[in-house]
1. Dividing the convex hull volume of the alpha carbon atoms of region 132-200 by its residue count, what do you get in Å³ per residue?
2. May I ask you to compute the full-extension gain from Val200 to Asp96, defined as 0.36 nm times their residue separation minus their alpha-carbon distance, rounded to one decimal in nm?
3. Please report, as a whole percent, how much of the solvent-accessible surface of region 118-187 comes from carbon and sulfur atoms (probe radius 1.4 Å).
4. Once the piece of chain linking Lys136 and Lys193 is laid out straight, how much longer is it, given 0.36 nm per residue of separation minus the C-alpha distance between them?
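The values are calculated or read from the model by the stated rules, or taken from the named source; none is laboratory data. In this text, all values refer to a predicted model and were calculated from it rather than measured experimentally. Calculation scope for accessible area: heavy atoms of the full protein, side chains included, ligands and nucleic acids excluded. Shrake-Rupley method; radii C 1.70, N 1.55, O 1.52, S 1.80 Å.
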Amino acid sequence: MQLFLSVVTLAVSASAFAPATDNAASTVSLSATRRDSFAAFTAAVVAAPSIASAVAGDSPKFSVFGIIGDGKSMSEGAAYGSDQATRVYSPYSVYDARSDKSVFKETDPGIPLRKKAIIAESRVRLTKIEPYIAKKQWFNVRDELTRYMYSLRDSMVYFTTDAKTKAAAKKFFVSLEKLDISAKQRKGDVAEKARQECIVNLDAFIALI
């Protein structure tokens, strides 16, 4: 810190005691001196953190993805988990891996309720697509399929615990992809038929969970 202040003081002093003359050559020289002083000040600000962390006789610290070199160097941030007492969720995370101490619990009774709510609302969204197809508003059709319904597949997979639910889910996914492709190709009749198949197949899946 003292070295940083000394550099700043030297830069300011150099600017303050620069000779002041009226001729053009001296003005150019004075401007150059001020630029040099400002450059010295900027360099001091940039170098200050590295100077503060440097140790006499110590070699430069570096790390390659926390594997080669010094994984605890300041530039690594989380040090790719090498500075954590326990195993992290991923090499780029500062959070612990999932365990019994985690706040999130897979046994939370609210999870299946939220999943079922997403499935039920997605069925409602499928009914809203009908007028979009009739009006050839293909962007609205695809928006509905990728907006709220983006979480539908994950919610359904949560309940695929046996062969029947897996088969029912797969059948629905096929009809859903058919709806999306036909909307992309702007085929109204095919899209409407696929939409109706989606509702029938989704109802069949809901009956199993």
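1. Numbers: hull volume 4.8 nm³, N = 69.
Measuring per residue, one finds 69 Å³ for the Cα hull of region 132-200.
2. 33.1 nm
3. The value for region 118-187 is 53 percent carbon and sulfur by accessible area.
4. Separation in residues times 0.36 nm, less the Cα-Cα distance, equals 19.1 nm.
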